[in-house]
1. Please specify each residue of segment 64-76 satisfying the condition of being closer than 16 Å to Gln38 by Cα and either in contact (Cβ under 8 Å) with a residue 60 or more places away in the chain or surrounded by fewer than 18 Cβ atoms within 10 Å (Cβ to Cβ) (or both).
2. Every residue in segment 64-77 that is among the basic types (Lys, Arg) and in a helix (DSSP H, G or I), please.
3. Mind listing just one residue for me: the one in segment 40-53 that is open to solvent by less than 60 Å² (accessible area, probe 1.4 Å) and out of contact with any helix residue (DSSP H, G or I) (no Cβ under 7 Å at 6 or more places or on another chain) and, of those, farthest from Pro19 (Cα to Cα)?
4. Given the conditions (1) of a type in the set (A, V, I, L, M, F, W, C); (2) out of contact with any Leu (no Cβ under 9 Å at 6 or more places or on another chain); (3) part of a helix (DSSP H, G or I), and given that Phe20 satisfies all but one, which numbered condition is not satisfied?
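The values are calculated or read from the model by the stated rules, or taken from the named source; none is laboratory data. What you see is a predicted model, and the numbers here were worked out from it, not measured in a lab. Positions of Cβ are generated from backbone atoms using ideal geometry, with glycine treated the same way; all protein chains shown enter the neighbour counts. Accessible surface is based on the protein model in full, side chains and every heavy atom, while ligands, DNA and RNA are left aside. Shrake-Rupley method; radii C 1.70, N 1.55, O 1.52, S 1.80 Å.
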Amino acid sequence: MQKIYFGTDGIRGNADKFPFTDETIFKLGKAIAKWSIQKYKTSSPRLLIGHDTRISCSRIKQFLEDGLHSQGAKITDAGVIPTP
């Protein structure tokens, strides 16, 4: 199993390789939703998602949202916004 390392700049890598595979992004969405449920003591956490203008953002955002939704998260899409 490969590990994902988080830093102050988030997750980094090529959009078509680990950790940006569809399966891993979906699992990440699930994990974020589960963490939010525990942290904020709610069954349907509200999360804001934004992205930059890279072509890969659509796919990454879709699988992340699918993972979040699978755990009951409610999502607001900010669309294209400045990212670090």
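1. His69, Ser70, Gly72, Lys74
2. none
3. For segment 40-53, the residue satisfying everything is Thr42.
4. Status for Phe20: all satisfied but (3).
Rundown of residues vs (1) among the basic types (Lys, Arg); (2) exposed (fewer than 12 other Cβ atoms within 10 Å of the Cβ); (3) not in a loop (DSSP other than H, G, I, E, B), yes/no style:
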| position | (1), (2), (3) |
| --- | --- |
| Lys3 | yes, yes, no |
| Asp16 | no, yes, no |
| Phe26 | no, no, yes |
| Ile32 | no, no, yes |
| Gln38 | no, yes, yes |
| Ile55 | no, yes, no |
| Arg59 | yes, no, yes |
| Gln62 | no, no, yes |
| Gly79 | no, yes, yes |
